[in-house]
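Reading through the structure tokens given below for one structure.
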Amino acid sequence: MKMNHLKEKSEDNIETFNSKVTCFHLKKVGVFTAPGTYERFVNWVIGEFDLYLINEGEILKVYFPNGWFNIMGNKNESEQYIIEINVKGTSKMVCEEIMVQLEYIYNHIVLFNFRKRDHRVGQVKLKR
């Protein structure tokens, strides 16, 4: 009698573990035009998420609790880097927070390159 009761309980647990987990997927695409910008972006992301498990290769993949994100960069014919950011996880709120962090870094790098370019243009104008 007791064994059947335990067996029924374990079967209930197995059904619970086999239930499908909802997965959220966020995707953004961006472009870097200045040389070295993609590498700078990846370095900043690695620095920001250095406490998480990071898999560096052609595709940067960072694992966070209950999810992960990856960043892929491909150079096109006009020497621009097209980057794709994918965030996947079981919590919509956490995925959105991670994407906001990555967008913040992306925007910071774009602004940094813009100011750097303007600064060089300003220096060239001063030399005339």
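Some points to look at:
- Entry note, segment 22-116: relative contact order of 36 percent, from Cα contacts under 8 Å with a spacing of 6+ residues.
- 14 Å beta-carbon shell around TYR38, net charge (K/R +1, D/E -1): -3
Where a number appears in this text, it was derived from the coordinates with a stated rule and is not lab data. Keep in mind the model is a prediction, meaning the values are calculated, not measured. Please note: Cβ atoms are built from the backbone with ideal geometry, for glycine as well, and neighbour counts cover all protein chains shown.
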